[in-house]
Amino acid sequence: MLLKKLVIAEDDDAVAHLVAATLGDAGFLCLRARDGEEALNLTRTELPDLLVLDVMMPKMDGLQVCARIKSDVVLSRIPILILTSLAGVDDRVAGLDAGADDYLPKPFDLRELAARVKALIRQSRRERDRNPITNLPSSPAIEDKVAELLQKKHAFTVLYIDIENFRSYADVYGYRKADEIIAITGNLILSEVRAGSDPPAFLGHVGGDDFLILAEPQHAEPLAKAIEAAFLGAVGEFYEEEDRAKGFISIVDERGEVRRAQFMNPSIAMVEATPGKFATLDDLAGEIATTKNRVRKRTGSGLFPPLGRQRK
C-alpha cells in the first residue's frame with residue numbers, strides 16, 4: 001500500500017523538522033515547502049493527501065494559498081490543516097473562511113497534530129469513496145474491502161446486482177428520473193441488507209445501476225431473494241400509469257422502429273469466495289463477470305421485436 005503523502009508548508013526550519021518527524025513516524029511521506037508559492041506549486045504537482053499549512057509565510061501567506069487551492073476544481077478535494085500562532089477567534093474564522101478544513105494553534109501537542117491529520121485523511125477518503133447519488137461506498141472502497149477479505153482469507157459471497165432494462169427506462173424517462181430511481185434502489189437494497197444480518201453485510205455502489213454486496217455465505221441466498229422480491233414489489237411505482245397499464249414501455253430504436261421494452265428487473269450474480277479460491281482481486285472480478293453473463297442469459301432482458309411483428 002502506498003504511503004499517504006503530505007505537503008508541509010512551514011518557513012521555520014525547527015517547526016518544519018518537528019512536524020515532519022512526527023508525521024513521518026506516523027507513517028506519512030512528508031514533502032517540505034518553505035514559502036507560499038512553493039506550497040501551491042508542490043500541491044499542484046504532487047497532489048498530496050493533505051496539506052499542513054502555516055499562515056505566516058513569505059511570498060504568499062497561508063490564507064492566500066488555501067483560497068487558491070480550494071478554488072481549483074482538481075485541488076479542492078485536498079484537506080488543509082492550518083497551523084498558526086495567530087490564535088484569536090477572528091484569525092480562526094479567516095482561516096476557515098479561506099477554505100481550511102481544520103485549524104491548530106501554536107504551540108500544539110504533537111500527538112494532537114498526528115491525530116488531526118489522520119482524522120482529516122479518513123474523512124476525506126470516506127467522502128471521495130462514496131457515490132454522490134446513493135451515498136454508498138464506491139469502487140475504490142469496494143476494492144479495498146474485497147482486498148482486505150482476500151488477504152485475511154475470510155469466506156464470503158459476492159452478490160453483484162444490476163438492473164436489467166435500466167438503459168431503456170432512462171432513454172424514455174430521462175436521466176434525472178433515472179438517477180432518482182438509482183437512489184431509491186440503493187435505499188431499497190440497503191434496507192434489505194440491514195434486515196438480513198447483524199452486523200449487516202457490506203454494500204457498495206459500483207456505478208450506474210450496478211451494486212455489490214459482500215455477505216456471509218449463509219446469508220447470501222436469502223438476501224438475494226429478499227432484494228429481488230423487494231425490487232419487483234416496488235418497480236411498478238417507477239412507471240407512469242399509462243405504462244403500468246400496458247405492462248411495458250415503448251422505445252424508438254436506432255432504425256426508427258418502435259419496440260416494447262420490458263420493465264426493469266434485478267439480475268443478481270452470486271460468487272462464493274472460499275479461502276484461497278481467488279489469489280487476487282482480478283481473479284475474483286473475472287469470475288463475477290462470467291457469472292453475470294450466465295445470469296443474464298438465463299433471465300433474459302431487452303427489447304421485444306417491433307410492434308406489430310411476430311417473433312420468429
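Structure data summary
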quantity	calculated
Qualifying residue in region 167-184 (condition: of a type in the set (Gly, Ala, Ser), surrounded by fewer than 18 Cβ atoms within 10 Å (Cβ to Cβ) and in a helix (DSSP H, G or I))	yes
Matching residues, region 26-44, being under 29 Å from the mean Cα position of the chain (by Cα) and either surrounded by 15 or more Cβ atoms within 10 Å (Cβ to Cβ) or over 16 Å from Gly62 (Cα atoms) (or both)	Ala26, Gly27, Phe28, Leu29, Cys30, Leu31, Ala39, Leu40, Leu42, Thr43
All strands (runs of 3 or more DSSP E) inside region 1-117 with 2 or more residues being among the hydrophobic types (A, V, I, L, M, F, W, C)	4-9, 28-33, 50-54, 80-84
Cβ pairs under 9 Å, 6+ apart, first in region 104-126 and in the same structural domain as Val52 (by TED's automatic domain parsing), second β-branched (Val, Ile, Thr) and in a helix (DSSP H, G or I)	Lys106/Val15; Leu110/Val19; Leu110/Thr22; Arg111/Thr22; Leu113/Val19; Leu113/Thr22; Ala114/Thr22
Search result, residues across region 68-92 that are of a type in the set (A, V, I, L, M) and surrounded by 14 or more Cβ atoms within 10 Å (Cβ to Cβ)	Ile69, Leu75, Ile78, Ile80, Leu81, Ile82, Leu83, Leu86
Filter result (out of contact with any helix residue (DSSP H, G or I) (no Cβ under 8 Å at 6 or more places or on another chain) and closer than 23 Å to Glu180 by Cβ) within region 222-238	Glu228, Ala229, Leu232, Gly233, Val235, Glu237
Checklist (1) of a type in the set (A, V, I, L, M); (2) buried (at least 18 other Cβ atoms within 10 Å of the Cβ); (3) modelled with pLDDT of 85 or more; (4) out of contact with any His (no Cβ under 9 Å at 6 or more places or on another chain) applied to Leu136, failing item	(4)
Subset tally (residues that are out of contact with any Asp or Glu (no Cβ under 7 Å at 6 or more places or on another chain) and either buried (at least 23 other Cβ atoms within 10 Å of the Cβ) or under 19 Å from Val19 (Cα atoms) (or both)) for region 47-60	7
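The values are calculated or read from the model by the stated rules, or taken from the named source; none is laboratory data. These numbers come from a predicted model, not from an experiment. Here Cβ is always computed from backbone atoms with ideal geometry, including for glycine, and neighbour counts include all displayed protein chains.
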